[in-house]
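First comes the structure, then the notes that go with it.
Only the coordinates and a few stated rules stand behind these numbers; no lab work does. Quick caveat: nothing in here was measured; it's all calculated off a predicted structure. A quick note on method: Cβ atoms are made from the backbone with ideal geometry, for glycine too, and the neighbour counts reach across all protein chains shown.
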Amino acid sequence: MTLTGRVSTLLLFLLVGCLALGPLLVAPLPPEEMRGELARATATTSPTLLPCPTRVPSPTPLPTATATPLPTPTPTATPVAVPVHVLRTYPIDGDTDILPAAPLRIVFDQPMDPDPAALGLTITPALPAQVEWPAHDAVAIHTPELRPGTEYRLTLVRARGRSGGALEQPLTLTFGQGGKGAPLPILMYHHVRTLAPDAPAGPREWTVSPEAFVAQLDLLHALGAHVVPLSEVVDYLSRGEPLPARPVAITFDDGNRDVLAAAVPVLKARHLPATFFIPPQYAESGNPEFVTWDDVKALAAAGFALGGHSYQHAYVQDLTPAQAEHQIGDEKRKLEALTGARVECFAYPFGTYSRKTIEQLQHYGYRAAVTISQHVHQNPGDLFRLGRIRVGYDDPLERLRQKLPWKE
Ligand SMILES: [Zn+2]
């Protein structure tokens, strides 16, 4: 038997032994030739990942231990090396305005080998980097402040999982500071329904057909985009929380009823998150064009997020304190009481706002707000001026592709 075979067999024996007798035993030390290996693998991690977990012995051990017979180890018992994938990063590729104080972070899909030799990572132009593993599946890279206007490139060509699996696809991220921001599109929808051929220009501007909506989601998928909750966009921009590659958020304004039939089932079937900005007055109006409170509760129960849009869909750029208390404060409290979920993002009705509006939103505990300004690069300093893109009823699918920040 080879040394590797012997070690694997021994490991299996120890593991099975522990599973069978674990509650009564403290794990025996691994044999001498394995200790160096284990010590290295767990140098910066919790001891619970040792092949044979140490358990606290019961204060009153049972008088007899009935161990189940050990199965005969077979050659197929060698641990399987699971290929490693990157799930999320900070920054995302192309972010030219990253937070000065946040470390670069890479989140993997499995526990990783923290051995520095297992990580093939470079940053150019060179930066002195300090690497730490705040979690088994995530590495953080602390760097000194970046030079504004310089494009940096992080390349990860090698990483090893605890299973021995290797990084399947190399990762490249370009990033910088002081540039135009993170490529983070937020899609804005109002109506999703079929219009009559002679429908006027207004509705054509704020409506997409159910077929176009599906085609747009298909396009995002084909481009490798990942639909994320709007709150994760805010966490990324404000705290440097990692996001998956090519993140995009989806939003719906006004609580139009057609969206329940034409968009919500599609989102549910694809497990895609979205945020709904619904003025309470619309939901309370009894107008069949709008969702009801029961619909709003069902949306929240299904995992969709709610956002503020003012109580009465008001112009909010110059509210008195009393008006703000109703339009912003009452609305936020109402939505939160109704669903039990926090409401943290606001959409400016008609897209109008002022410095005063932003201060009022902050006063009532909002973390961010979206506009109707059609830009896809978002800045950490502009959390209350996030851009959103939309396409009209007569726009071809290509129009959306042109507005998205990814070339291929
Ligand atoms: Zn609106």
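Quick check: from the Cα gyration tensor, does the stretch 235-304 come out rounded (a/c under 1.5), prolate or oblate? It is prolate, given that a/c is not under 1.5 and a/b is the larger ratio. Would the stretch 319-398 count as rounded, prolate or oblate if I go by the C-alpha gyration tensor, calling it rounded below 1.5 in a/c and otherwise prolate when a/b exceeds b/c, oblate otherwise? Prolate, because a/c is 1.5 or more and a/b exceeds b/c. Placing +1 on the Cβ of every Lys and Arg and -1 on the Cβ of every Asp and Glu, with nothing else charged, gives the stretch 86-175 a dipole about its Cα centre of roughly 140 debye. For the stretch 261-329, a simple Cβ point-charge model (Lys and Arg +1, Asp and Glu -1, everything else neutral) yields a dipole of about 380 debye relative to the Cα centre.
Assuming a ≥ b ≥ c are the square roots of the Cα gyration tensor eigenvalues, decide whether the stretch 70-217 counts as rounded (a/c under 1.5), prolate (otherwise, with a/b larger than b/c) or oblate. Cα axes put the stretch 70-217 in the oblate bin. For the pair residue 109 and residue 270, the difference between a 0.36 nm per residue extended length and the Cα-Cα distance amounts to 55.9 nm.
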